[in-house]
Amino acid sequence: MLACGNGGSAADAQHFVAEFIGRFLKERRPLPAVNLTSDSSIITAIGNDYSFDEVFARQVEGLGRPGDVLVAISTSGQSKNVVRAVELASRLGISVISLTGSTANVLLEQSDVWCRVESTATPHIQEIPHRNPSCNLSWRRTTP
């Protein structure tokens, strides 16, 4: 599993990865997961050499494989770097799970599975990974 987002969504991506590698709800083996938002050297190198719009897509291309899952988090669903990662993941055979808000957005169109919060308030949208049982879908699908 690969995860990405910006700002508070980056923190949520980091939290998802921690739960996959650590323990979530029950004792189990660690699950493979990489947070694409944490390595400042990678992010700044890609941002400098290409553009900030490419910071996640470039990592998806280098790390992702067909059959993997990308968790894309964007409250607006319009973050260019998240959208670029989702577009590339889809072309590479990587499934996409998006967490987003209620406005019409590109992530909804590009995702295999999505969890959409019926709100335009960023704080409410960012609560979804932590409070809504329907968003435990990614955990249930990957945990035996």
Please indicate, with yes or no, whether at least one residue in the stretch 58-76 is farther than 18 Å from ILE42 by Cβ, modelled with pLDDT under 85 and under 12 Å from the mean Cα position of the chain (by Cα).
yes
I need the full set of residues from the stretch 59-114 which are within 18 Å of THR37 (Cα to Cα), small (Gly, Ala, Ser) and touching a Gly at 6+ places or on another chain (Cβ under 8 Å), in order please.
ALA72, SER74, SER76, GLY77, SER79, ALA89, SER98
For the stretch 13-33, pairs from a residue that is under 18 Å from VAL71 (Cα atoms) to a residue that is modelled with pLDDT under 90 and among the small types (Gly, Ala, Ser), with Cβ under 8 Å and 6 or more apart or across chains, are PHE16/SER138; PRO30/GLY22
From (1) at pLDDT 85 or above; (2) under 13 Å from CYS4 (Cβ atoms); (3) among the hydrophobic types (A, V, I, L, M, F, W, C), pick out the condition that doesn't hold for LEU92.
(2)
Residue list for the stretch 56-94, restricted to those being surrounded by fewer than 19 Cβ atoms within 10 Å (Cβ to Cβ) and either free of Cβ contacts under 8 Å to residues at least 12 places away in the same chain or in a strand (DSSP E or B) (or both):
GLY62, ARG91
Pick from ASP68, ASP53: which is touching a Pro at 6+ places or on another chain (Cβ under 9 Å) and either at negative phi or of a type outside the set (A, V, I, L, M, F, W, C) (or both)?
ASP68
Which of the residues spanning the stretch 1-45 are at pLDDT 95 or above, polar (S, T, N, Q) and not in a loop (DSSP other than H, G, I, E, B)?
ASN35, SER40, SER41, THR44
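The values are calculated or read from the model by the stated rules, or taken from the named source; none is laboratory data. None of these values were measured; they are calculated from a predicted model. All Cβ positions, glycine included, derive from the backbone under ideal geometry; neighbour counts span all protein chains shown.
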